Amino acid sequence: MNVADGKKIVTYSRDETFQFGFDLASGLKSRAIIALIGPLGAGKTTLAQGLGAGLGITEPITSPAFNYLLEYSGRMPFYHADLYRIENASQFLALGFDEYFDREGVFVIEWAERIADILPPETIQIYLRPLRDEDAREIIVCKGAPRIDD
């Protein structure tokens, strides 16, 4: 993946990953699209939970893997999609989820690399990579739709 232009940080616990999402939420504006990219167990859902909490969501934020997409109410609407079971952009479009690109609120997409071809150019892409210590992860934040080279 090409992330040379991104801001890189390392978190050393689930709580730090959550806090990173919480802090990031304070600067988000309505219609923000956040693409979470990384392998299974990289911390995507934990980061999404932090984002939701930072937007004032008080109910538990769970992985929507079997629902594809869940909606929450906070200081602005929060849409959380998990595309683990979606193979490509065609399936995403067939489900009508592209309408969330234009909704007021924040749209967070786990496994966003599966729809990289259709993500809007203003998408905030966040790459997560577990490090040797299983609680540590490298997080790289870039602007623009994901560019996957590997």
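We did not get these values from a lab; they are worked out from the coordinates using the rules stated. Just so we're clear, the structure is a prediction, and the values are computed from it rather than from any experiment. Reconstructed Cβ throughout: ideal geometry from the backbone, glycine too, with neighbour counts over all protein chains shown.
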- [ ] Report, ordered by the first and then the second residue, all pairs with beta carbons closer than 8 Å, sequence separation of six or more or different chains, a first member in the range 47-70 that is closer than 17 Å to Leu24 by Cα, and a second member that is in a loop (DSSP other than H, G, I, E, B) and β-branched (Val, Ile, Thr).
- [x] Ala48/Ile61; Gln49/Ile61; Gly52/Ile61; Ala53/Ile61
- [ ] Could you list all residues from the range 73-99 that are surrounded by 18 or more Cβ atoms within 10 Å (Cβ to Cβ), out of contact with any Ser or Thr (no Cβ under 7 Å at 6 or more places or on another chain) and not hydrophobic (A, V, I, L, M, F, W, C)?
- [x] Gly74, Tyr79, His80
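Tell me, yes or no, whether the range 81-93 has at least one residue that is among the charged types (D, E, K, R), in contact with a Pro (Cβ under 6 Å, 6 or more places away or on another chain) and not in a helix (DSSP H, G or I).
yes
Taking the conditions exactly as written (of a type in the set (A, V, I, L, M) and either surrounded by fewer than 16 Cβ atoms within 10 Å (Cβ to Cβ) or under 21 Å from Pro120 (Cα atoms) (or both)), does Leu28 satisfy them or not? Even if it seems obvious, please write down each step before you answer.
On the way: of a type in the set (A, V, I, L, M): yes; either surrounded by fewer than 16 Cβ atoms within 10 Å (Cβ to Cβ) or under 21 Å from Pro120 (Cα atoms) (or both): yes.
Considered against the rule, which asks whether it is of a type in the set (A, V, I, L, M) and either surrounded by fewer than 16 Cβ atoms within 10 Å (Cβ to Cβ) or under 21 Å from Pro120 (Cα atoms) (or both), Leu28 comes out as yes.
Yes/no matrix, rows are residues, columns are (1) small (Gly, Ala, Ser); (2) assigned to a strand (DSSP E or B):
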residue	(1), (2)
Lys8	no, yes
Phe18	no, no
Gly21	yes, no
Gly41	yes, no
Leu47	no, no
Thr58	no, no
Pro64	no, no
Open item on the list: Pairs please, first residue from the range 110-139 and without any contact (Cβ under 8 Å) to a residue 60 or more places away in the chain, second anywhere and of a type in the set (S, T, N, Q) and not in a helix (DSSP H, G or I), Cβ atoms under 7 Å, 6+ apart in sequence or on different chains.
Closed with: Arg114/Asn88
